[in-house]
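Notes follow once the structure below has been shown.
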Amino acid sequence: MLRAWGMEPHVTSWRLLQQWGSGNRIARALTLRFAALLFVGAAVMALTLGGEASLAGLPVDWRLLAFGVAFGTSVGVAFGVAKGAFGVAEALAEGVAFGGTLGVAFGVAFGVAFGVAFGAAVVVAFGVAKGIVDGVVVGSIDGVIVVVVGGVVAVLIVVVGVSVDHDVDGIVGGIVAIVLVGVGGIILGVVVGGLTAQFRIPFYVLEAAWTLLSRAISHRAPSRQPWIARMLPFRHHDIIHFPLPGLQEILVQTAAHHPTLARTLIDEAASTIAQKDPARRALVELQARSLERAARNRLWARVVALDLDFIPLPRDLPPGSPLLRFRDAARDLFAASETRDHLRRRRTLEAARAQIVSFRTVVLGSRRPDPLDLRLAATAALWNDIMHDALHALSDDEKKHPQIPRIFETGNPLAPEAHGGLFKGRADIIRLLDHDLADDRRVPLVIVGQRRMGKSSLLRMLPARLGTGTQVLSLDFQQLGGQPLALRKEPHRWVAKAMVAARPDLPESPDSEAWTDTLQWLRDVQGHLRGERWLVAIDEAEGLQEGIAAGWASSDFLSFLRAAGDSLTSIRFLLLCARPLHRIGRAWTDKLISAVERRISYLSTDEAEDLLRKPMEGFPDIYPPGGVEAIVLATAGQPFLIQFVGDALVRDLNTSGRLHAEPRDIERALDRALHDSPLFRELWAQWGTDEQHILRSLADGASVDTADSTLRSALRALEDEEIVTARDGKPEVAVPLFARWIRTKA
């Protein structure tokens with residue numbers, strides 16, 4: 001730090017004085033402080049010595065003692081500083097001699113007590129002064145040597161005084177008292193003077209008082225805050241050893257009117273010795289206040305972006321930061337503010353409230369919470385109150401303006417926690433899967449079904465339906481093309497890495513191109529599972545075929561699946577495909593010839609009607625007579641279409657403010673599915689010319705020439721995938737609404 005101010009690290013007292021007039025601020029400040037400390041230390045030393053002498057039975061003249069302290073210290077300081085340029089040895093010798101001479105003279109003239117007090121005060125004060133300047137500032141031990149030598153000389157001075165002014169019989173007792181007085185005075189002087197100088201206690205008192213005064217001015221006159229900021233002690237030097245009282249409040253008060261200045265002050269305080277804690281506490285307080293202000297003003301979008309004063313950017317936050325919990329809650333609160341649907345609004349509000357309540361519970365239950373966590377617990381209470389009021393207002397709105405819950409989900413796979421009531425049927429296929437997992441054949445399992453038939457939803461429901469004995473790990477091979485080259489070429493490495501990510505206690509997976517190494521690793525992993533069953537489910541498995549066709553993947557992964565099915569007992573693989581294996585590619589049937597295929601199909605009539613009438617508990621009866629049956633017939637129980645039509649119907653009724661549909665509303669909802677649903681375009685695009693020709697013919701009510709082997713093969717493919725079904729022995733498009741789309745859109 002001294003070099004930063006233009007000073008050498010081993011500067012002497014004389015150099016300090018030389019730099020006094022050179023404009024060096026720290027040199028002047030240190031010299032003044034040491035001079036003041038010298039007088040304080042000398043006074044303490046003299047009082048201590050005088051008190052000990054009095055206890056030893058020696059006469060003490062306190063007036064002369066005070067005079068001796070003042071005079072001897074002044075002369076000793078002047079003499080020691082003036083002679084400091086001649087080196088440590090000369091300063092030591094002359095300082096001791098000078099103080100000793102004065103001590104002898106005054107001792108003879110005024111008695112033993114004053115001689116002890118004055119001699120010790122002058123010599124020890126000179127030593128302390130030299131020690132402060134050279135020892136504390138420079139880091140040398142010269143001052144300690146002067147103090148010790150000065151104490152010894154003080155003892156000799158008093159011996160002379162006793163021998164001159166008293167009889168010989170009192171010398172022995174005098175020496176004992178002198179030794180006690182000298183040693184005690186030296187120890188006290190060194191400790192008090194050293195600590196006082198080291199920690200700059202007298203000046204800290206002034207700096208603390210100035211900071212407290214600045215806090216009061218800042219509170220009463222915010223316009224003076226820039227001036228106050230310039231005069232804060234820690235900004236002028238960084239050797240304050242204790243936190244300044246009131247600094248935290250000054251930083252917080254400044255932020256209210258001058259946030260940029262407050263950031264600067266916090267940064268500077270954080271880089272000092274003792275003001276780090278006040279700066280951190282101020283920053284914590286300001287972050288909490290920013291979140292509270294945002295909540296009161298309903299600035300949820302800004303919280304989501306963390307676009308608030310004193311809040312770090314998302315990339316600068318550690319993963320476990322509590323600020324991220326508030327950001328997640330703000331996402332739900334923003335979604336609640338953007339929707340007019342009562343059900344979605346309630347769900348998002350409750351999700352946000354669960355986040356905040358969970359955070360507050362964890363913090364209050366922690367034995368030693370982080371200061372930021374502890375302060376944000378109060379902020380969480382404010383957020384919780386705001387969300388409670390929002391839920392109460394929502395309840396009033398629901399009573400005044402009742403709505404039909406928009407429960408039907410038309411975009412994403414169903415989630416157990418949010419859409420459990422929408423998942424209907426599929427009990428048969430879940431039973432088959434459970435049976436196949438326990439089967440001794442240990443072959444790969446395959447679920448085949450059209451797109452948007454509910455395969456991904458089934459996959460999400462499996463953990464709850466199969467129980468805790470089966471760990472389900474899901475991978476989506478539709479994302480395979482976006483993986484690093486090594487994982488794209490050898491997907492078995494992706495499987496292994498995903499397993500380790502799900503269970504970090506497993507052995508590290510091999511980084512090898514050979515799938516046999518991964519298979520051996522899986523055999524070893526089975527020993528760590530302790531009877532637990534693993535199901536590795538690969539959704540959109542035909543994504544691998546795209547890589548094979550494009551040349552960035554090979555069919556070796558299929559060999560890996562077959563070998564895993566043959567050799568693993570507690571780790572099984574499940575493939576979910578939109579097409580049967582033989583329609584994906586020849587390699588699939590060749591290498592997975594023993595795979596067990598299960599089909600996920602249309603809902604039964606009862607399951608489809610249950611989905612429409614009871615998508616959730618308490619769902620109202622909104623359908624006209626025959627309305628449910630009309631929807632089930634038009635969609636053939638296709639789950640996505642049922643939900644699409646149901647959602648369109650609910651949306652229309654809520655828009656018009658009605659709670660019950662009419663037949664024309666059912667027809668309008670079916671038309672919406674016909675024109676807006678992406679399903680039909682997807683189904684049509686996946687077939688070739690021959691299949692599309694057959695679908696057009698069947699949609700128009702015409703027959704198919706089965707004598708043509710090509711058309712007969714195409715018809716069989718459409719029947720295998722349940723696009724076409726036989727009714728009364730005659731092939732028809734399975735979904736009447738799809739046939740209608742073919743007639744009008746294809």
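The values are calculated or read from the model by the stated rules, or taken from the named source; none is laboratory data. What you see is a predicted model; the values in this text were computed from it and never measured. Here the Cβ is made from the backbone with ideal geometry for all residues, glycine too, and neighbour counts use every protein chain on show.
Computed values, structure above
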| read-out | value |
| --- | --- |
| Pairs, first over 15 Å from Q287 (Cβ atoms) in segment 260-271, second of a type in the set (S, T, N, Q) and surrounded by 17 or more Cβ atoms within 10 Å (Cβ to Cβ), C-beta under 7 Å, six or more apart | L261/T254; L265/T254; A269/Q275 |
| Close pairs (6 angstrom Cβ cut-off, 6 or more residues apart or separate chains): within 25 Å of A377 (Cβ to Cβ) in segment 332-354, among the charged types (D, E, K, R) anywhere | A336/R345; T348/D332; A351/D332; A352/D332 |
| Odd one out for D590 among (1) surrounded by 15 or more Cβ atoms within 10 Å (Cβ to Cβ); (2) in the same structural domain as I548 (by TED's automatic domain parsing) | (1) |
| Residue ID - farthest from G618 (Cα to Cα), chosen from residues in segment 381-424 that are of a type in the set (A, V, I, L, M, F, W, C) and out of contact with any Leu (no Cβ under 9 Å at 6 or more places or on another chain) | A381 |
| Pairs where the first residue, in segment 364-387, is at positive phi and assigned by TED's automatic domain parsing to the domain that holds S290 and the second is of a type in the set (A, V, I, L, M) and in a helix (DSSP H, G or I), C-beta under 6 Å, 6+ apart | none |
| Residue within segment 401-415 that is modelled with pLDDT of 90 or more and either on the phi > 0 side of the Ramachandran plot or in a helix (DSSP H, G or I) (or both) present | no |
| Condition check for T348: within 30 Å of N654 (Cβ to Cβ), touching a Leu at 6+ places or on another chain (Cβ under 8 Å) and assigned to a helix (DSSP H, G or I) | yes |
| Condition check for W534: exposed (fewer than 15 other Cβ atoms within 10 Å of the Cβ) and in the same structural domain as D436 (by TED's automatic domain parsing) | no |
| Of the criteria (1) closer than 23 Å to W687 by Cα; (2) in a helix (DSSP H, G or I), which one R579 fails | (2) |
| Which numbered condition R344 misses (of (1) within 27 Å of E409 (Cα to Cα); (2) surrounded by 18 or more Cβ atoms within 10 Å (Cβ to Cβ); (3) at pLDDT below 95) | (2) |
| Filter result for R562 (touching a helix residue (DSSP H, G or I) at 6+ places or on another chain (Cβ under 7 Å), at negative phi and without any contact (Cβ under 8 Å) to a residue 24 or more places away in the chain) | no |
| Helices (runs of 4 or more DSSP H) completely within segment 654-746 that count 3 or more residues being under 50 Å from the mean Cα position of the chain (by Cα), surrounded by 15 or more Cβ atoms within 10 Å (Cβ to Cβ) and in contact (Cβ under 8 Å) with a residue 60 or more places away in the chain | 663-676, 679-685 |
